[in-house]
Each structure stands twice: as structure tokens, then as C-alpha cells.
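This report refers to the structure that appears directly beneath it.
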Amino acid sequence: MSVWQSEDDVIDCIDIYQQPAFDHPLLKDHKIEMVRPQMLESNASRTPVFYQKWRKRGECPEGTVPIKRLDEVDEELIMKMKRGGPFNNNVSFNSADAFVHEYSTVRVEDGTYYGTKFAVTLWNPHVEPKELSLGQAWLGAGLNEEVNTIEVGWLVLPSLFNDLQTRFFIFWTVSLIIMFDGSFVIAHIMYIYIYIECGYVSSKVILGDVIAPISKYGSQSYDIQISVYKAKGNWWLELGGEIVGYWPAQIFTHLSRSATRVQWGGEIVNTRTNGHHTTTQMGSGHFASERYSKAALFYNLQLNTIEDSPTFQRPRYVSPFTVSNGNCYSLLRAQYQKNFGDHFFYGGPGYSSSCP
């Protein structure tokens, strides 16, 4: 069964036991966890404020998972856009075909973490071709080339989806060593695997599909609420109270135990295609100093420090924030508030007279 949104936008309903996750050699004999963890079950009745437009056309039946059909993708290009990262010492680099990554983030580190829960406002920034803009959380363990990450949030990525719409995504790495051998990419750091390596159990949420509604500058703000937590040995993902699926622990090395750092914030890729800084925007496209309803926002940042525990708590300490290029993008920590918890604003317009 398939759900057709248009000729170029097709959702396939795949038998849950035939989903592409089982193409991974480490999951050959994996048994799907069909019973959700008990720790966040109280969220199950929460009515999500987001929607994915594909469900207006139909839904996948029980026992299947919805997977977005993609055309042929430039794998090497996508890998260049996502190699590096905030947990790699070589975050930005310059070469003839440089893909410079710029960040506005906060983090906790040097701890033992079993999850994070947060909300992030949805925006639709301008993005140049062969670049990206995103707002996400990273959970990481391991160092340099051996880094493992779990990443989740929203992005605009025209190189993969051939449009400029805002989409819900996941991503993960087990290594930053890129090696093509004709059959397997060791790094696993491609959005091509956006659905493949996370065991799906939801028939309602599609990874990589358009997510809405989008916030309006100076008016209504809309967000998504995301939880990632380690339970029953695996890393589970919830979106708005709906279990999406999980990353089986055996696909990781360092993250098979726990995360040692967690990071939240924005990222863009700057290719300097026109000989100057990119016009790709981060967040709302406005600086953090504009604050509520105008700048992009992460709020209610929480951490889980006990495996299989239902308890999330405020971070005891958040490291000083990282801003790669303060003339182009910014970040502003805000004081704790009851409605927003621990929160911060981030974003910016990119190229301007002060961002040459």
C-alpha cells in the first residue's frame, strides 16, 4: 500500500518486519520491541500540536510503517554536508570544496546521560542549494573519529528533498571515518539512512516528512516536543508523545552504554558559493536578541541521568555556549522561567554587511 501526495511525494506502507532497518548486518536477527517502555507512558494521551500533511491523504494500516520514497541521492554530497559535527575537533574546515559548518549551541558534558527531553520552535529558514539549516539535539559518546551520535530535530535540506520545506529528521553516527567499499558505508552519517537504521514501530510519524505548522515572525510560535531516552537497553524516540521507534543498542559502540554529552541548538552549512558568506539562515533568520516570537527557541531542556528511569530533570550546569560566527548567527541564554524552563534563543540571517 502507498499514500500518494503527488507524483514526487509518495509514502510506502512497509510491513514492520520488512522495514529497511533489517538490512543492517548487526540487526539480522533483531527482534522488534513492540511494547513501549513504561517510563513515559503517561504522555501517550497527549494530543500533538504538530501535524504531517501525508495523513490528510490516508494512513498506513497497523502492522506497517510509513517510509518516504526517495529518488536517487548524491550520497557523497550528503556525507560532506554532515561530516564533522560539534563533537568533532575539526568542526569547520576549508578546502576547494569546503563545507564549513557553523553552530549556535549549548551543551552539557563530562557526565553520564540516558536521555534528553526538550521543545524547539519550528521555522522555515531560507537555505541555499547544497546547504542545510537545522535545529536539533545531539547525544554523543566517544572522541574524534570514534564518535557516536544520536541526532533529532527539524531541518531544511534541498539537496535531498528537492524543496525548501521544514521536515522532521533523525540521524546517527558510529564513526567519522568515511570508507566506501561498494557495499557498506562505515560512517553511517548520511540522511539517506534517515529511516533505515532506526527501528520503526509507529504507523503515524514519518521521518523526513514535512512537519507543520510553522511559526510566524512576531506572531504565533509553534514547536515540537521531543524525547530521546534509553530504556530496555535501546534508545527510544518520542515526538509529541507518540513513540516513533528506537535505535537498537547493538548498532553503537560507545552509545551502547550511555551518552557522555548532550548538545542543543542550530547548525548551517556555508559553502561560500558566491565568494562571500552564505545567505542560508539559521532558526527564524533573526538574531537571538529579538527573543520571544521572533528568534528561534529551545525550551524546557531536561536530562535523564538514570537508565530506565521516568525522571527527567533540569541540567545542573550548562557549559558556555558555542557560536561559530557571531557576526552571522547568535545565541542568547535566558533566565529560568516556569513556562519555559531552561531555555535559549538562537539564529541569524547569514550574509550581510556585518557578515561578509
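The values are calculated or read from the model by the stated rules, or taken from the named source; none is laboratory data. What you are looking at is a predicted structure, and each value in this text was computed from that prediction instead of being measured. Using ideal geometry, Cβ is built from the backbone for each residue, glycine included, and neighbour counts are taken over all protein chains shown. Just the protein is used for accessible areas: all its heavy atoms, side chains included, with ligands, DNA and RNA removed. Shrake-Rupley method; radii C 1.70, N 1.55, O 1.52, S 1.80 Å.
Let's see how each residue does on (1) free of Cβ contacts under 8 Å to residues at least 12 places away in the same chain; (2) among the hydrophobic types (A, V, I, L, M, F, W, C); (3) touching a helix residue (DSSP H, G or I) at 6+ places or on another chain (Cβ under 9 Å):
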{"position": "N234", "(1), (2), (3)": "no, no, yes"}
{"position": "G245", "(1), (2), (3)": "no, no, yes"}
{"position": "I251", "(1), (2), (3)": "no, yes, yes"}
{"position": "G283", "(1), (2), (3)": "no, no, no"}
{"position": "A296", "(1), (2), (3)": "no, yes, yes"}
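Hey, can you tell me all the residues within segment 283-298 that are crowded, with 17+ Cβ neighbours inside 10 Å and part of a loop (DSSP other than H, G, I, E, B)?
At the first step, the residues of segment 283-298 found to be crowded, with 17+ Cβ neighbours inside 10 Å are 283-288, 290, 294-298.
The answer is G283, S284, G285, H286, F287, K294, A295.
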Between a first residue in segment 7-21 that is under 15 Å from V205 (Cα atoms) and a second residue that is modelled with pLDDT under 75 and in a strand (DSSP E or B), which pairs have beta carbons less than 6 Å apart while being 6 or more apart in sequence or on different chains?
V10/S2; V10/W4; I11/V3; D12/S2; Q19/Y200
Lone unmet requirement of (1) open to solvent by 10 Å² or more (accessible area, probe 1.4 Å); (2) in contact with a strand residue (DSSP E or B) (Cβ under 7 Å, 6 or more places away or on another chain); (3) at pLDDT 95 or above; (4) not aromatic (F, W, Y) for A137
(1)
Spot the failing condition for I268; the list is (1) open to solvent by 10 Å² or more (accessible area, probe 1.4 Å); (2) of a type outside the set (D, E, K, R); (3) assigned to a strand (DSSP E or B), and only one is missed.
(1)
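Residues to consider are S203, S159, S219, S175; find the one that is more than 24 Å from L255 (Cβ to Cβ), at pLDDT below 80, over 14 Å from the mean Cα position of the chain (by Cα) and surrounded by fewer than 21 Cβ atoms within 10 Å (Cβ to Cβ).
Values: S159 fails: at pLDDT below 80; S219 fails: at pLDDT below 80; S175 fails: more than 24 Å from L255 (Cβ to Cβ).
One residue alone meets the criteria, S203.
If you scan segment 206-216, which residues turn out to be charged (D, E, K, R) and surrounded by 20 or more Cβ atoms within 10 Å (Cβ to Cβ)?
D209 - this is the single residue of segment 206-216 that is charged (D, E, K, R) and surrounded by 20 or more Cβ atoms within 10 Å (Cβ to Cβ).
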Anything in segment 271-282 that is within 22 Å of the chain's Cα centre (by Cα), of a type in the set (S, T, N, Q) and either closer than 13 Å to G347 by Cβ or surrounded by fewer than 14 Cβ atoms within 10 Å (Cβ to Cβ) (or both)? List them, or say none.
T280, Q281
Residues of segment 302-356 being in contact with a helix residue (DSSP H, G or I) (Cβ under 7 Å, 6 or more places away or on another chain) and assigned to a loop (DSSP other than H, G, I, E, B), in sequence order, are none
For segment 247-263, state whether one or more residues are part of a strand (DSSP E or B), farther than 18 Å from Q19 by Cα, modelled with pLDDT of 95 or more and within 14 Å of the chain's Cα centre (by Cα).
yes
Tell me, which residue of segment 299-326 that is among the β-branched types (V, I, T) and in contact (Cβ under 8 Å) with a residue 60 or more places away in the chain is least open to solvent (accessible area, probe 1.4 Å)?
V318
Output the residue which, of all residues in segment 112-134 that are over 20 Å from P213 (Cα atoms) and polar (S, T, N, Q), is least open to solvent (accessible area, probe 1.4 Å).
T116
